[in-house]
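The values are calculated or read from the model by the stated rules, or taken from the named source; none is laboratory data. The shown structure was predicted, so the numbers you read here are calculated from the model rather than taken from an experiment. Cβ atoms come from the backbone with ideal geometry, glycine included; neighbour counts cover every protein chain shown. Heavy atoms of the whole protein, side chains included, go into the accessibility calculation; ligands, DNA and RNA do not. Shrake-Rupley method; radii C 1.70, N 1.55, O 1.52, S 1.80 Å.
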Amino acid sequence: MKHVYAAALLGAAFVTSANAQEIKIGYALAEDSHYGAGAKAFEESLTASLGDQFSFRHFPSSGLGGEREVLEGLQLGTVEMTIASDGTLTNFVPEVGVLGIPFLLRDMDHARTVLDGEIGQEMLAKFDDAGLKALAWGEQGFRHITSNRGAIETPEDMAGLKIRTMENPVHLEAFRALGAAPTPMAWPEVIGALEQGAIDGQENPLSVIVSAKLNEVQKYLTLDGHVYSSTIILVSPSLWGQLDDEQQAAFQQAATDAVAAMRAYVDDVEQSGVASMQEAGMEVNELSPEQKAVFREALAGPYSNYEAQFGKELMDRIQAIE
Ligand code: PAF
């Protein structure tokens, strides 16, 4: 009798998990990155609150294509979920571009306060009109320059530097103003382009530099922290529309838990990343506050364009946040 009962229970479990709705989650980096940490925390949180109503299939390392293609998949309803960088998301909600203005967000605390507050929440809501459902702001950290041409100390060192940027017009304008030759490129092409010498360098936070093992294709790392790099956790509107209130609340909580996991990963790699890249053979230099000020001055031209584009009021509002 006991066996019959156990078999029935097993059968029930099988039926339930077979009925679980599959969530395909695609992201640009490996499972042992901040993206992987966020995706795993999301899955664990959702499973803890909703049991096996949903099952997850992870597609790390751009397994479903570049960020733009995955986001288009969400719009079409062929992919259910992603974590994507603000650089790509700027092409879906242009207002997000304000966060990509170099040196606008001062430090990690400032960035987190802005994103967790009114401004960040207003921006997330704008994704509804772009055919996407944005749940929460994840994190990457401050972006730094890596290159094979040499260390960067002054804007003059940027002259003619073939640097890959995200497909973000704000970044392109800034690097052009510094005299570099920026090339916007989707992430899946970057390692190959560095290997072949088609580009000299790229820029990304330590979270990416370490998890993508950029030391294997880059010699120099300049810690300039020119811009904070955020990400957003998104689901497809077609999935979101099928969820009842309890499920939506569980997704929202899972996103909060994913953000905490991403931030913990970033905090950790900010402490350990430089030493690990040095051990792996990279030459690392860090810009002093005075050296950074020279870069900021060199960006005066783009700054007035950014004010025209995003509104001085919004930029002042962001800077005024303590
Ligand atoms: O540089 C980029 O494109 C992004 O920072 C990355 C690595 C895809 C993570 O979103």
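Here are the numbers for the structure shown:
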quantity: Cβ-defined net charge surrounding A125, 15 Å radius [Lys, Arg +1; Asp, Glu -1]; calculated: -4
quantity: K292 versus A48: modelled label distance in nm, points set 7 Å from Cα along the beta carbon direction; calculated: 3.5
quantity: Taking all pairs of distinct alpha-carbon atoms in segment 69-138, Kirkwood radius in angstrom; calculated: 12.8
quantity: Accessible area per residue in Å² at 1.4 Å probe, computed on the chain; calculated: 43
quantity: Environment charge of A254, counting only residues whose C-beta is closer than 12 Å and scoring Lys/Arg +1, Asp/Glu -1; calculated: -2
quantity: Nonlocal amide H pairs with S62, under 5 Å, H built at 1.01 Å; calculated: Y27, A28, L29
quantity: Percent breakdown of C-alpha pair distances by 10 Å bin, ordered from the shortest bin, for the chain; calculated: 6, 26, 33, 22, 8, 3, 2, 0, 0
quantity: Net +/- balance of residues flanking G160 in space, Cβ distance below 13 Å, scoring K and R +1, D and E -1; calculated: 0
quantity: Accessible carbon and sulfur surface of segment 2-320 relative to its total accessible area, %, 1.4 Å; calculated: 51
quantity: Computed E for V284/D316 - FRET, C-beta separation, R0 41 angstrom, nearest 0.05; calculated: 0.75
quantity: Long pairs among K126/K312; K126/K213; K40/K126; K133/K312; K162/K219, criterion Cα-Cα beyond 23 Å; calculated: K126/K213; K40/K126; K133/K312
quantity: Highest-first arrangement of 229-239, 175-185, 79-89, 269-279, where packing means the average Cβ count within 10 Å; calculated: 79-89, 229-239, 175-185, 269-279
quantity: Estimated [θ] at 222 nm from DSSP helical runs (n ≥ 4, -39500 (n - 2.57)) normalised by residues in the chain, nearest 500; calculated: -15000 deg cm²/dmol
